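To keep things clear, I will list the structure first and then write my remarks on it.
The values are calculated or read from the model by the stated rules, or taken from the named source; none is laboratory data. Computed from a prediction, not measured in an experiment: that's the story for all the values here. Using ideal geometry, Cβ is built from the backbone for each residue, glycine included, and neighbour counts are taken over all protein chains shown. Accessible surface is based on the protein model in full, side chains and every heavy atom, while ligands, DNA and RNA are left aside. Shrake-Rupley method; radii C 1.70, N 1.55, O 1.52, S 1.80 Å.
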Amino acid sequence: RGAEPEACDKDWHERTLRMMQFCQQNLQESDSFTYQDLAARSRRRIVASLFFEILQLKTWDRIHLHQDEPYSSIAVSRGPKFDDPIPNARS
């Protein structure tokens with residue numbers, strides 16, 4: 001019996017894929033961006049969704065998150081698997 005593929009190797013949800021594409025675009029131009037900049041003009045529901053997707057990408061080592069202290073700015077940068085191929089999206 002073969003090993004199951006990791007969750008990050010299966011088809012990604014469309015929102016996760018869009019967040020990864022956003023990270024790729026923004027991290028081509030600079031070393032990092034902040035979650036606060038990303039969420040600044042969004043409604044509360046969207047902000048929560050963005051945060052969930054960022055945590056998902058962090059879990060899969062696609063991005064790195066850094067926060068100096070509680071409630072301070074959260075910096076998003078490239079993780080160890082940032083340049084790995086991205087699986088297909090699912091709806």
What part of the accessible area of the chain, given as a whole %, is carbon or sulfur when the probe is 1.4 angstrom? 47 percent
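Tell me, what is the per residue accessible area of the chain in Å², probe radius 1.4 Å?
73 Å²
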Quickly rank 49-55, 23-29 as a protection proxy: mean count of other C-beta atoms within 10 Å, highest first. 49-55, 23-29
Cβ-derived FRET efficiency at R0 25 Å, Tyr71 paired with Gln24, nearest 0.05: 0.35
